[in-house]
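Enquirer: Sharing a structure below in structure tokens format, with a few things to ask.
The values are calculated or read from the model by the stated rules, or taken from the named source; none is laboratory data. Being a predicted model, the structure only gives us computed values, none of them experimental. Here the Cβ is made from the backbone with ideal geometry for all residues, glycine too, and neighbour counts use every protein chain on show.
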């Protein structure tokens, strides 16, 4: 038997200690809810006690994460409450005040983010977030996706005709309230000045656990709900439990420009002054080849 072939698979790359290069270089992140995070204010690069302050940067270290374990948080508004942890996961809803908002960037909002992606050049990437909400109608803007790396923007609106200020982004989540909050995609290319919002026709049911995902391969973006590409019928929740089948709408094609350096991000904005929770139960970010979805790069 040739030395490069082993029981792992004839065409699989052999990693030292069975750890991929991506994991060893922090290019992959997998965090689940059992371990509470450590949250601190980033003041001139020095950790400090968490405080409420608009435009304040905070660091979140998630113990037990596989690979990368750092999330940077930007207080778009002064967040008296940091993300709170309990048995359901990390509550990222923030202050129970209308229009209070925050942004999370796994790996950090920097050109050195190992989870980042050079559009059109790097192997494909993805971000998956498993969520549970107590009342989704209280969150009027929720975006999970990728954006061009640049300074944090404030104020931000990912609503139809709203200007999110970021030059380029593509995400999936909520944009405006509705009965059984509809999941929508939100995009902007080259700072057009107005967010393009497209409904997937998927109604987000509270008390269920759902997963939202955005992938980029080359320059082209694709979106998934509970593991199903939008345009297909969603029949299961994020745990594989049957739900009422919902056909979804694929929506327009979106491509980033070549050469854009993108970072994963999560944006949350309150739609009402109600103490409802939005739990992040599981977060996974990395290259598609790390999860076997881009085998030509192995």
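Enquirer: What do you reckon, is residue 272 under 24 Å from residue 76 (Cβ atoms), touching a residue at least 12 places away in the same chain (Cβ under 8 Å) and not in a strand (DSSP E or B)?
Expert: yes
Enquirer: Does residue 240 count as free of Cβ contacts under 8 Å to residues at least 12 places away in the same chain and either surrounded by 15 or more Cβ atoms within 10 Å (Cβ to Cβ) or out of contact with any helix residue (DSSP H, G or I) (no Cβ under 6 Å at 6 or more places or on another chain) (or both)?
Expert: yes
Enquirer: Among the residues of segment 289-298, what is the count of those that are surrounded by fewer than 18 Cβ atoms within 10 Å (Cβ to Cβ) and under 19 Å from the mean Cα position of the chain (by Cα)?
Expert: 2
Enquirer: Does residue 195 qualify as being farther than 27 Å from residue 53 by Cβ, buried (at least 19 other Cβ atoms within 10 Å of the Cβ), touching a strand residue (DSSP E or B) at 6+ places or on another chain (Cβ under 9 Å) and modelled with pLDDT of 90 or more?
Expert: So residue 195 fails the test.
Enquirer: Let me ask something else about it. Yes or no: segment 16-33 includes at least one residue that is loosely packed, with under 15 Cβ neighbours inside 10 Å, under 26 Å from residue 278 (Cα atoms), modelled with pLDDT of 95 or more and out of contact with any helix residue (DSSP H, G or I) (no Cβ under 7 Å at 6 or more places or on another chain).
Expert: no
Enquirer: Kindly evaluate residue 215 against the criterion of being in contact with a helix residue (DSSP H, G or I) (Cβ under 7 Å, 6 or more places away or on another chain) and surrounded by 19 or more Cβ atoms within 10 Å (Cβ to Cβ).
Expert: For residue 215, the condition - in contact with a helix residue (DSSP H, G or I) (Cβ under 7 Å, 6 or more places away or on another chain) and surrounded by 19 or more Cβ atoms within 10 Å (Cβ to Cβ) - is met.
Enquirer: Identify all residues within segment 251-287 that are over 19 Å from the mean Cα position of the chain (by Cα) and at pLDDT 95 or above; write none if there are none.
Expert: 253, 257, 258, 259
Enquirer: Out of segment 288-297, which residues are at pLDDT below 85 and out of contact with any helix residue (DSSP H, G or I) (no Cβ under 6 Å at 6 or more places or on another chain)?
Expert: Correct list: 295, 296.
Enquirer: Taking segment 86-100 on its own, how many of its residues are assigned to a strand (DSSP E or B) and either over 17 Å from residue 265 (Cβ atoms) or more than 15 Å from the chain's Cα centre (by Cα) (or both)?
Expert: 3
Enquirer: Ok, one more. Evaluate the following for residue 63: is it at pLDDT below 95, within 30 Å of residue 288 (Cα to Cα) and loosely packed, with under 14 Cβ neighbours inside 10 Å?
Expert: Considered against the rule, which asks whether it is at pLDDT below 95, within 30 Å of residue 288 (Cα to Cα) and loosely packed, with under 14 Cβ neighbours inside 10 Å, residue 63 comes out as yes.
Enquirer: Let me ask another. Scan segment 207-222 for residues that are under 14 Å from residue 187 (Cα atoms) and either over 16 Å from the mean Cα position of the chain (by Cα) or at pLDDT below 95 (or both) and jot them down.
Expert: Those that are under 14 Å from residue 187 (Cα atoms) and either over 16 Å from the mean Cα position of the chain (by Cα) or at pLDDT below 95 (or both): 219, 220.
Enquirer: Can residue 58 be described as more than 16 Å from the chain's Cα centre (by Cα) and under 22 Å from residue 134 (Cβ atoms)?
Expert: The answer is no for residue 58.
Enquirer: Would you check which residues across segment 71-91 are more than 20 Å from residue 164 (Cα to Cα) and surrounded by fewer than 22 Cβ atoms within 10 Å (Cβ to Cβ) and list them?
Expert: 80, 81, 84, 85, 86, 87, 88, 91
Enquirer: Okay, moving on. Looking at (1) more than 30 Å from residue 75 (Cβ to Cβ); (2) modelled with pLDDT of 95 or more; (3) within 19 Å of the chain's Cα centre (by Cα), which is the one condition that is false for residue 201?
Expert: (3)
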